[in-house]
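What follows is a single structure, written as structure tokens, with notes after it.
Please treat every number below as a calculation from the coordinates, not as lab data. None of these values were measured; they are calculated from a predicted model. For neighbour counting, all protein chains shown are included, and Cβ atoms are generated from backbone atoms with ideal geometry for every residue, glycine included.
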Amino acid sequence: MTVTIDASKLHYRELNARIREVWQAGEKSVVLQNVRGHRYIGDAIQGEGKIVIEGIPGNDLAVFMDGPDIVVQGNIQDAAANTMNSGSVVVHGSAGDTLGYGMRGGTVYVRDNVGYRAGIHMKEYGEHRPILVIGGVAGDFMGEYMAGGVIMVMNLEQQAKAVGNYCGSGMHGGAIFIRSDGFAHAFKGLKASVPEAVEQQFITRHLNQFASFFNRGTNILADQFIKLTAAELRPYEKLYVGI
């Protein structure tokens with residue numbers, strides 16, 4: 001059974017209380033209509049289930065979320081998937097700033113573009129590996145201080161710059177895959193390489209998943225990507241440790 005909640009006349013606190021009430025009652029298929037900037041949707045919710053959002057959710061969507069799948073039929077605002085543990089967020093639009101801040105697991109797919117500082121402080125542990133897939137382009141400081149996980153930037157519209165300035169600044173773990181025509185020299189402090197066979201399989205798997213969600217990107221191949229990793233594990237060591 002799917003429970004439908006009309007958010008048009010609800011304060012964000014009332015909406016989230018209603019979601020939790022339904023979820024705890026065992027109804028794990030929820031549709032939220034007329035969402036207009038409501039914050040904290042899906043925060044810290046656990047267990048399998050699905051939340052479909054019709055509209056534009058506000059900041060901190062899916063913070064600390066652990067298990068559910070969220071589908072957004074529109075854009076999302078800032079700080080979505082902040083410290084998310086597991087589950088998925090699929091966005092049929094664009095995302096604001098700091099998407100995936102400190103993300104620890106699960107997957108986020110964004111059909112279009114993302115703002116500044118996407119994927120900063122992402123980390124992984126054991127089998128928990130966060131994955132952020134961006135269909136369009138990303139703003140400045142993407143992957144800043146990244147310690148683990150994967151970011152993929154598809155640049156579907158083939159813009160001149162797939163990512164903004166300071167990509168991977170302070171990065172010391174994880175990997176970034178960017179659909180590229182060979183601009184690897186622009187990434188200071190990072191090492192550019194050709195993805196290995198197993199990594200190309202990983203890219204292909206997520207390209208196919210992206211195409212199944214959005215019916216886009218079906219003509220993109222894994223060998224069109226470059227891989228960026230940290231040039232050194234302690235990029236700021238010289239600032240704090242005597243030489």
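When a/c reaches 1.5 or more, the comparison of a/b and b/c decides; with that in mind, is region 1-159 rounded, prolate or oblate per its Cα gyration tensor?
Numbers: a/c = 2.05, a/b = 1.48, b/c = 1.39.
Prolate, because a/c is 1.5 or more and a/b exceeds b/c.
Once you have a ≥ b ≥ c as the square roots of the Cα gyration tensor eigenvalues for region 94-240, tell me rounded if a/c is under 1.5, and otherwise prolate or oblate according to whether a/b is larger than b/c. Let's see the in-between values first.
Values: a/c = 1.45, a/b = 1.38, b/c = 1.05.
Cα axes put region 94-240 in the rounded bin.
Taking only Cα atoms and a 10 Å spring cutoff, compute GNM fluctuations for the chain and point out the largest among Gly106, Gly126, Gly49.
Gly126
Could you give each residue of region 144-160 its phi-based ³J(HN,Hα) in whole Hz, using Karplus coefficients 6.51, -1.76, 1.60 with θ = phi - 60°, and x for Gly or Pro?
Residue by residue, region 144-160 yields 4, 6, 5, 10, x, x, 9, 10, 10, 10, 8, 6, 4, 8, 6, 5, 4 Hz.
Sorted by mean Cβ packing within 10 Å, highest first, what order do the peptides 51-63, 222-234, 109-121 take?
Details: 51-63: 22.8, 222-234: 16.8, 109-121: 24.5.
In decreasing order of mean packing, 51-63, 222-234, 109-121 become 109-121, 51-63, 222-234.
Which whole-number percent is the relative contact order of the chain (Cα, under 8 Å, 6+ apart)? Present the calculation step by step, with values, prior to reporting the outcome.
Values: 707 pairs, mean separation 24.6, N = 243.
After rounding, I find 10 percent.
Tell me whether region 58-99 comes out rounded, prolate or oblate; compute the Cα gyration tensor, take square roots of the eigenvalues as a ≥ b ≥ c, and use a/c under 1.5 as the rounded threshold.
Values: a/c = 2.44, a/b = 1.27, b/c = 1.93.
In terms of gyration-tensor shape, oblate.
To the nearest 0.05, how large is the calculated FRET efficiency for His11 and Gln159 if R₀ is 51 Å and r is the Cβ-Cβ distance? Spell out each step's value before the answer.
Working: r = 39 Å, r/R0 = 0.76.
E(calc), rounded to 0.05, equals 0.85.
For the pairs Lys188/Lys227; Lys123/Lys188; Lys28/Lys50, flag any whose C-alpha to C-alpha distance is greater than 18 Å. Intermediate values should be presented prior to the final figure.
Working: Lys188/Lys227 14 Å; Lys123/Lys188 21 Å; Lys28/Lys50 6 Å.
The pairs that break the limit, which is 18 Å between Cα atoms, are Lys123/Lys188.
Mind checking the angle between helix 12-24 and the chain's longest principal axis? C-alpha axes, 0 to 90 degrees, to the nearest 10.
Around 80 degrees separate the two axes.
Working from Cα positions, state the angle (0 to 90°, nearest 10) between the long axis of helix 197-214 and the longest principal axis of the chain.
30 degrees
Which order do peptides 139-146, 20-27, 170-177 fall in by mean Cβ count within 10 Å, highest first?
Details: 139-146: 24.1, 20-27: 12.9, 170-177: 21.6.
With the highest mean Cβ count within 10 Å placed first, the list reads 139-146, 170-177, 20-27.
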